[in-house]
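A short write-up of the structure that comes next.
The values are calculated or read from the model by the stated rules, or taken from the named source; none is laboratory data. None of the values given here were measured: they were computed from a predicted structure. Virtual Cβ from ideal backbone geometry, glycine too; neighbours counted across all protein chains shown.
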Amino acid sequence: MILAIESSCDETAASVVKNGREVLSNVIFTQIDLHTRYGGVVPEIASRKHIEKINQVIEEALARAEVTLEDITAVAVTYGPGLVGALLVGVSEAKAISFATGIPLIGVHHISGHISANYIEHPELEPPFVCLVASGGHSHLVVVKDYGEYEIIGRTRDDAAGEAFDKVARAIGLGYPGGPKIDKLSREGNPDAIPFPRAKVAENEYDFSFSGLKSAVLNYLNSCQMKGEEICQADVAASFQKAVIDVLVEHSLHAVQEFGYDRFAIAGGVASNSALREAFEKECRARNIGLYLPSPVYCTDNAAMIGAAAYYEYQKGVRHGYDLNAVPNLKL
């Protein structure tokens, strides 16, 4: 029985997870409304709000699971990567609970948590498989060799996919958070209206690059404004989104087949994008590849995924001391 805590960015979350697969509670306090007025996450504000909410969120998670700290086997917490101030709140809370109760402490890698979200709703899923992790800060193509054992075969050379969504959304006047707004608006647009580029990285066929695409969108917008041409927001959003999705799908499924796997999973905030999910469902069906998708609530930052990852760390004997610290640039 794992009590898990997640505070790496702007969600304060706590969850109780049983045996790595059964979520007894999953409580998330989101700060999106708070940061929207600034056009993105303000780290200092996020940290202060975590401090305000973390005890309440943990108490609610225990209450919804109908357990007490006496029933908890281990306390798990995200210790990186993320915003250092935000991470420190969760790490300090987990260490305090561990110190006060004697419950073992387990630090969890945030990306490992995202990958492990797939285990929650797919009891049949076991390593090895290939996983695409696409979020605001990460675009990783990973071979999951075993629980908690990963080989990164592709990564972004510049902007992460979610970061590109946010920047383009801001450029076309949609505001923050960009991903869900572009997803929604794209349904009204023509994805083939504007031929935005699809970047390939010469040195590694599995790597991603989205800065050129972002620049192409900005150049298109500037060109239209200079010529006095009307800009169709929906067409720009749909064409941009299709360019991102085409690259993510092509690189991912190429890796699955080249490495000889028949199972593929996606994770991270961008994995909740409806068009991306539809594209993977179509292509995986055509190629007879087993596809695993977490529900949208488990794609964005949450503590249940941290509890799932922590269970397998606990099984391997991983324990952390009270010198556990936040590592904002923690490598997978």
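For the reader, a short list of remarks on this structure follows.
- Condition met for LEU88 (at pLDDT below 95 and out of contact with any helix residue (DSSP H, G or I) (no Cβ under 6 Å at 6 or more places or on another chain)): no
- Filtered residues of segment 281-299 (kept if under 21 Å from GLU126 (Cα atoms), more than 17 Å from the chain's Cα centre (by Cα) and assigned to a helix (DSSP H, G or I)): GLU281, CYS284, ARG285, ARG287
- Within segment 300-326, the set of residues being surrounded by fewer than 24 Cβ atoms within 10 Å (Cβ to Cβ), assigned to a helix (DSSP H, G or I) and touching a helix residue (DSSP H, G or I) at 6+ places or on another chain (Cβ under 8 Å) comprises just one member, TYR312.
- Residue within segment 186-200 that is in a helix (DSSP H, G or I), acidic (Asp, Glu) and more than 30 Å from ILE152 (Cβ to Cβ) present: no
- Test: residue in segment 92-102 that is touching a Phe, Trp or Tyr at 6+ places or on another chain (Cβ under 7 Å), surrounded by fewer than 24 Cβ atoms within 10 Å (Cβ to Cβ) and more than 25 Å from ARG198 (Cα to Cα): yes
- If you go through segment 80-90 and keep only what is crowded, with 19+ Cβ neighbours inside 10 Å and out of contact with any Leu (no Cβ under 6 Å at 6 or more places or on another chain), you end up with GLY82, LEU83, ALA86, LEU87, LEU88, VAL89, GLY90.
- Test set (1) surrounded by fewer than 19 Cβ atoms within 10 Å (Cβ to Cβ); (2) more than 23 Å from CYS284 (Cβ to Cβ); (3) modelled with pLDDT of 95 or more; (4) not aromatic (Phe, Trp, Tyr) - ARG170 fails condition number: (3)
- As a summary of the residue check, THR30 satisfies the conditions (1) within 28 Å of VAL143 (Cα to Cα); (2) at pLDDT below 95; (3) in contact with a strand residue (DSSP E or B) (Cβ under 6 Å, 6 or more places away or on another chain) except for the one numbered (1).
- Count of residues meeting criterion [part of a loop (DSSP other than H, G, I, E, B) and surrounded by 14 or more Cβ atoms within 10 Å (Cβ to Cβ)] in segment 201-230: 7
- So ASP235, is it assigned to a helix (DSSP H, G or I), in contact with a Lys or Arg (Cβ under 7 Å, 6 or more places away or on another chain) and free of Cβ contacts under 8 Å to residues at least 60 places away in the same chain: no
- Filter result (touching a Gly at 6+ places or on another chain (Cβ under 9 Å) and among the hydrophobic types (A, V, I, L, M, F, W, C)) within segment 131-171: LEU132, VAL133, ALA134, LEU141, VAL142, ALA160, ALA161, ALA164, PHE165, VAL168, ALA169
- Output for segment 1-36, where each listed residue is assigned to a strand (DSSP E or B), polar (S, T, N, Q) and surrounded by fewer than 24 Cβ atoms within 10 Å (Cβ to Cβ): SER25, ASN26, THR30
- Residue within segment 162-171 that is more than 22 Å from the chain's Cα centre (by Cα) and in contact (Cβ under 8 Å) with a residue 40 or more places away in the chain present: yes
- Tally of residues being among the basic types (Lys, Arg) and over 21 Å from the mean Cα position of the chain (by Cα) across segment 1-59: 4
- Top-ranked residue of segment 144-158 - restricted to ones that are among the β-branched types (Val, Ile, Thr) and farther than 20 Å from ASN329 by Cβ, ranked as surrounded by the fewest Cβ atoms within 10 Å (Cβ to Cβ): ILE153
- Qualifying position, being over 24 Å from LEU253 (Cα atoms), crowded, with 17+ Cβ neighbours inside 10 Å and more than 25 Å from the chain's Cα centre (by Cα), among GLY189, GLY178: GLY189
- Residue in segment 135-143 that is buried (at least 18 other Cβ atoms within 10 Å of the Cβ), at pLDDT 90 or above, of a type outside the set (S, T, N, Q) and not in a strand (DSSP E or B) present: no
- For ALA74, the conditions (1) of a type in the set (A, V, I, L, M, F, W, C); (2) crowded, with 19+ Cβ neighbours inside 10 Å; (3) out of contact with any Pro (no Cβ under 7 Å at 6 or more places or on another chain); (4) farther than 24 Å from SER135 by Cα all hold with the exception of (3).
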